[in-house]
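Please read the structure below before turning to the comments.
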Amino acid sequence: MLGTVYAILFYVATLILLIGVVRKIRIYARVPAPLKIPTTPAPKTRGGVVLRVFREVVFFESLYKSNKWIWLFGWVFHMALWLVLARHLRYFTQPVWGWVEIVQPFGTYAGFAMLAGLAGLWARRILVERIRYISNPSDHLMLALLMGIGASGAMTRFVAHTDIVAVKAYMLGLMRFRVGDLPADPTLLVHLGLVIVLMIVFPISKLLHAPGVFFSPSRNQVDNPREVRHVAPWAAKMEN
Amino acid sequence: MADGDTQVPELAFPLDIPCLKRGAMEGTKPFVAQAEHQAKLGFPGALVPDWKDKALAKMQELAEKNRAFQVYLDICVKCGACTDKCHYFLGTGDPKNMPVARQDLLRSVYRRYFTFAGKHFPWLVGARDLTEDVLNEWYSYYHQCSECRRCSVFCPYGIDTAEITMAAREILDSVGVGQKYSNEIIGKVKDIGNNLGLNPKALRATLEDLEEDIEDDTGVSVRLPLDEKGADILLVTPSADFFAEPHIEGLIGYAKVFHEAGVSWTLSSYASEAANFGLFIGSYENMREISLRIRKAAQDLGVKRIIFGECGHAWRVAYSFLNTLAGPWDFLDQSYPVPQHILEFTWDEIQKGTLNLDPSRNDHIRLTYHDSCNVARASGMGDYPGGQFEIPRNVIRAVCNNFFDMEPDTIREATLCCGGGGGLLTDDLMDLRIKGSAPRMKALQNVTEEHGVTHMAAICAICKTQFGKVMPKYGYEMDAILSVHQLVSNAIILTGQDGEDEDEAEDA
Ligand code: HEM
Ligand code: SF4
Ligand code: SF4
């Protein structure tokens, strides 16, 4: 019963996540950028732009220039998030990939780093008057959601130990469209429930920044407007 | 608005973050355009009856035509990194002048009508209905943004509030609520060819007067040609260069450089304006129409090259957009960039050694340099990233012995706006202009204290005009603002000019 309810939720959430994000990416890719608007100084070559976007995505370069505290908390949170996600791959693969084995020990403790980063961001959101002013309820809820996922996840491991072998069998089954039994462990159910909520809100929330950052014209355009004409299809129609 | 009542902000240091003063700038708004101004640009003359539907339709159209609009409205995470980056926030403390809060004025409406979360859970994501109050709020705060892009530099996704401001102004124009200052000026360019409404006869007379002045000054005859067919170079310069100080000294500088370089050049009475206020109101169509005047002038005069004079936003439109809006430029000489900046030209000539320069003629000046936003963050110079910072400084160092930069976090890509850009250089916004210039002025005061700086140079007509007005409020003479080519003009010794006998080069 429990296994079936969560299976349905997982399938629905996965569909919403995939369709929602793919739809948004298609819109971002299709809508033209009518003018060259890179924030200069900007790279003059494609390769340079790839490097620029790489530095933004991996190091949060502009954020570093902007505000060291937000950078510190934000960067720690995101990098820890990736480690945690990588570690979770072990529940979806059999045999477990070699590199996942390697990050495993780091991934376990990255969970705490992630919580610390999120706590720092939340503290700023509450304590810094300017950031409090620009926050909506959804901004606080997003942090609550992620902290809830992180905290419940850590509890399944360090407090109320979950039968992780059974969870893995359940997940591997779901991937092959076979619905098995899920341990009726409250912390685990909360953890998985919150992940499902995250998957559903992803394509309708500010989490779109993850795909969106690659489409920001001020960061992804080559600074060569004098050399290359850049005419949007709708603007080309004016020319004749 | 009487600027007498403006409280000149006292900042402890240039980037001093104020406490929030809610509603501090609420009443501030520029004069609204009249029907006649609107008509010339193809906009309705007054608020249309079905304005709400029209505005939402325009918003939808922008989301489909402009990737920046769509992506920027979606992806802001409200991290707050941009909140202390806007000079208008630093100068006024009004939280709606924080870049993300400025975006939110429009984002809240976009969310309400175009996103799932905003349609069904408006209270959760700060979505709100479009009402007449919202429209008024847009008119006020989207005319408190100079489209300077400082926020874009510091946002982790490069979200550029200037793009949102332009979109908002476009929406406002489309429902009949335009800004008088910008729209009236665009109309003048369409009618007469320049922002000032200076007709060809008056322009010719002005140029002849200038030729006489130069000859009186130097004993050398230097020409300022107008509408000369077959000249090699078309110079397009902001019309302020024809009549106001210190702009006009810059124009004299260009003429001297061309003279010494031995090139043939001309101005055009048809395209007698580098400025393109179509940018400020976010109107691709108007920006294109104004740009096409330059194309026509270049073709009619049969020139081989186009060079732009000192103007910030004009250089953005020229460098970043001209090829797109009015190209291809295949009929021009391809061995030079199209278009070129006058500083690129002058720096080339300095390197070639064609100019006889005596920097000691500027020894009465202790100088700093203001990077103009649109040059710094929206365009380039030379063939490497950052040329727009180096080339002006290279030229300055070649003509002036006492040069001192302001603090690093207030120059180059982090430069602070003069406070008057983006269509705000109008007397009805004087209070905002004085407050918005406070961070820049504080940085200037700091180099004055540290290095005894007396003058500041700029390469933007708007910056020069704005500084001429606001510097007196901060304890400087109004002529403490200089054109870069004015310094060149001071230092240059023309062939045949008796360098030693000249009296002290005048300082403005
Ligand atoms: C390409 C991948 C991603 C990049 C480059 C990226 C980058 C950033 C940056 C630069 C910030 C602002 C600084 C901060 O507040 O941390 C941010 C905020 C945030 N990111 Fe990401 N991110 C990515 C993926 C994700 C994913 C997958 C999630 C969650 C599942 C996420 C959740 C968040 C949240 C919740 C915030 C707001 C934090 C706050 O409230 O202050 N990000 N992201
Ligand atoms: S820095 Fe960018 S993402 Fe952060 S609040 Fe400002 S606009 Fe939004
Ligand atoms: S573009 Fe400049 S004036 Fe406008 S919000 Fe950003 S920093 Fe402020």
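The table below gives the values:
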| quantity | calculated |
| --- | --- |
| Cα-based equivalent ellipsoid, segment B:278-360: semi-axes from gyration tensor eigenvalues, Å | 27, 16, 10 |
| Inter-label distance for B:D209 and A:Y11, nm, one decimal - labels placed 7 Å from Cα along Cα-to-Cβ | 8.4 |
| Any cysteine of chain B lacking a neighbouring Cys Cβ under 4.7 Å - listed by number | B:C19, B:C76, B:C79, B:C86, B:C145, B:C155, B:C311, B:C400 |
| Semi-axes of the equivalent ellipsoid for segment B:152-192, Cα gyration tensor, largest first, Å | 28, 13, 6 |
| Under 12 Å, Cβ to Cβ, from B:E211 - net charge with Lys/Arg +1 and Asp/Glu -1 | -4 |
| With eigenvalues of the C-alpha gyration tensor scaled by 5 and rooted, segment B:376-456, Å | 24, 19, 11 |
| Convex hull (Cα only) mean projected area of segment A:87-184, reported in nm² to one decimal | 8.2 |
| Reference-scaled alpha-carbon Rg (2.2 N^0.38 Å with N residues) for segment B:338-487 | 1.02 |
| Segment B:282-329 - convex hull of alpha carbons, volume per residue in Å³ | 72 |
| Stretchable slack from B:D409 to B:D330, in nm (0.36 nm times residue separation minus alpha-carbon distance) | 24.4 nm |
| Charge context of B:H120, other residues only, Cβ under 12 angstrom, K/R +1, D/E -1 | +3 |
| Neighbouring partner chain Cβ atoms per residue of B:312-322, average, 10 Å criterion | 3 |
| Largest-first principal axis extents, alpha carbons of chain B, Å | 78, 52, 41 |
| Bridge type composition, the protein assembly as shown - antiparallel percent by DSSP, nearest 5 | 10 |
| Under 25 Å from B:K464, Cα to Cα: lysines that are on another chain or at least 8 residues apart | B:K29, B:K85, B:K180, B:K188, B:K190, B:K256, B:K435, B:K442, B:K473 |
| Rh (Kirkwood; distinct C-alpha pairs) - chain A, Å | 20.7 |
| Debye-sum result for segment A:166-240 in log10 I(q)/I(0), which assumes one identical scatterer on each alpha carbon, at q = 0.21, 0.22 Å⁻¹ | -1.05, -1.07 |
| Neighbourhood net charge (10 Å Cβ-Cβ; Lys/Arg +1, Asp/Glu -1) for B:S372 | +1 |
| Amide H contacts under 5 Å for B:Q340, placed H, 5+ residues apart | B:I306, B:I307, B:F308 |
| FRET efficiency, B:R128 to B:D50 (Cβ-Cβ, R0 22 Å, nearest 0.05) | 0.65 |
| Kirkwood-Stokes translational diffusion coefficient of segment B:3-184, alpha-carbon pairs, 4 °C, 1.567 mPa s, µm²/s | 76 |
| Percent of C-alpha pairs per 5 Å bin, segment A:129-211, short to long | 3, 13, 18, 19, 16, 14, 10, 3, 3, 1, 0 |
| Scaled radius of gyration (Cα, divided by 2.2 N^0.38 Å) that segment B:105-232 gives | 1.71 |
| Percent of Cα pairs exceeding the 17 Å cut-off, where the set is segment B:241-311 | 52 |
| Separation between Cα centres of segment A:170-190 and segment B:319-347, rounded to whole Å | 64 |
| Cβ-based exposure ranking for B:K352, B:K78, B:K464, A:K65, in which fewest neighbours within 10 Å come first | B:K352, A:K65, B:K78, B:K464 |
| 16 Å reach of a label modelled at A:R229, 7 Å along Cα-to-Cβ, counting backbone N of segment B:289-309 | B:289, B:291-296, B:299 |
| Only Lys, Arg (+1) and Asp, Glu (-1) charged, at Cβ; chain A dipole about Cα centre in debye | 840 |
| Proxy reagent accessibility, fewest Cβ within 10 Å first, across B:V317, B:V447 | B:V447, B:V317 |
| Computed E for A:F214/A:W69 - FRET, C-beta separation, R0 25 angstrom, nearest 0.05 | 0.45 |
| Entries in A:K24/B:K65; B:K58/B:K296; B:K96/B:K119 that, when Cα-Cα distance is taken, lie over 27 Å | B:K58/B:K296 |
| Solution diffusion estimate, µm²/s, Stokes-Einstein, the protein assembly as shown, Kirkwood Rh from C-alpha pairs, 20 °C, viscosity 1.002 mPa s | 77 |
| Cα centroid separation - segment B:67-132 against segment A:89-140, whole Å | 25 |
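Quick note: the coordinates plus some simple rules give every number you see, no bench work behind them. Values in this document were obtained by computation on a predicted structure and should not be read as measured data. Glycine also receives a Cβ, built like all others from the backbone with ideal geometry; neighbour counts cover every protein chain displayed.
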